[in-house]
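Every number in this text was worked out from the coordinates using simple rules, so none of it is lab data. Keep in mind the model is a prediction, meaning the values are calculated, not measured. Neighbour counts are summed over all protein chains in view; Cβ atoms, including those assigned to glycine, are modelled from backbone coordinates with ideal geometry.
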Amino acid sequence: MPRLALVGTLCALTLSACGDATREESPPLGAMGQMEVSAALGEPAIDVDRVVLSVSAADIPTPITRDLIREGDAWRGRVDSIPAGADRTVVADAYGGGRLLYSGRTDDVAIVVGERASVSLVLQRLNVDDGFSNAFPRIEWMLASAGAVGPGETISLRAYASDPDGDELIYEWSADGGAFDRTDGPAVEWSSEEEGSFTLRLTITDPLKASVYLEREVTVGAEHVHEGPDVIRNVAPVVRSIGAYPSSLAPGEAAQIVVDAFDSDLDELVYGFSAAGCTGTFEDEQAPDPFFHLAGAPPAGEPCRIEVIVTDGRRGMATASVELEVQP
């Protein structure tokens, strides 16, 4: 089962040229042009130490590469002697500690003889392996045939979940009362002979035990007669990645924990961090990128694990963790 697909996404792109870059005639053989490039990261980052630019095309057998120079919040550089022509591909890759962390790309750049093209890229963070390589499943929707029924009447429940990694998912249903006809699978039925309010929960788990859940409150009472079907859309956030920078530290040192979480409903997310196996403090444990100050090392052979719980305020939740290497 594939785990990591290092695929960069171009968040924003602007292209301009200092002259007419749309000439249809082919340039003379050996004609050259120039390019100025600016590459910015799509998020604040302290882990990037090198940005490499590459220019390629069908008629450029070996890609032209240059290291860009950091100037403030952007990385800039100029490339001379680029063969003139259309359909030049420009790629900027950002590295930290030898690992590819960000990437951005644009195609169809035209190089005109004697003119200087200008390309600006915003690079997107990639799914790098920082001790977290499994994407969490997500509940797309859950349908309940009714929100209130009489005693002994049945509520039919249907749900659909997806997984970014294509993993086979496990559906598990539970409740604080009543009974299901079955507790697995995407379609179940529930009923209760007793009156009252009950919480029905659907938990989705992948083979690596990453899980999300969604809850629905229903009411059972003699005065209720099937109060309309409803659809509960996905409210569970997804943790796309979690990393520690640096990932190796000694007691008394600090690492920044960076979490990339997403909520399809655009709910405001709340972050909660904790440390397992070691001791320390967080500067702001409810921020998505707090600094963790390591105070005490774990017992020999035990990991120091930083855990995060991301909630959306509507009972949607996702969890993730990353391990720190503790130096003597």
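Given the peptides 292-298, 172-178, arrange them by the average over their residues of other C-beta atoms within 10 Å, most packed first.
292-298, 172-178
At q = 0.19, 0.21 Å⁻¹, what log₁₀ I(q)/I(0) does the range 134-199 have when each alpha carbon counts as one equal point scatterer in the Debye sum?
-0.75, -0.86
Collect residues whose amide H, placed 1.01 Å from N in the peptide plane, falls under 5 Å from the amide H of residue 146; neighbours closer than 5 in sequence don't count.
156, 230
Got a sec to turn the phi values of the range 173-179 into Karplus ³J(HN,Hα) couplings, 6.51 cos²θ - 1.76 cosθ + 1.60 with θ = phi - 60°, whole Hz, x for Gly and Pro?
3J(HN,Hα) across the range 173-179, in whole Hz: 9, 8, 7, 8, x, x, 8.
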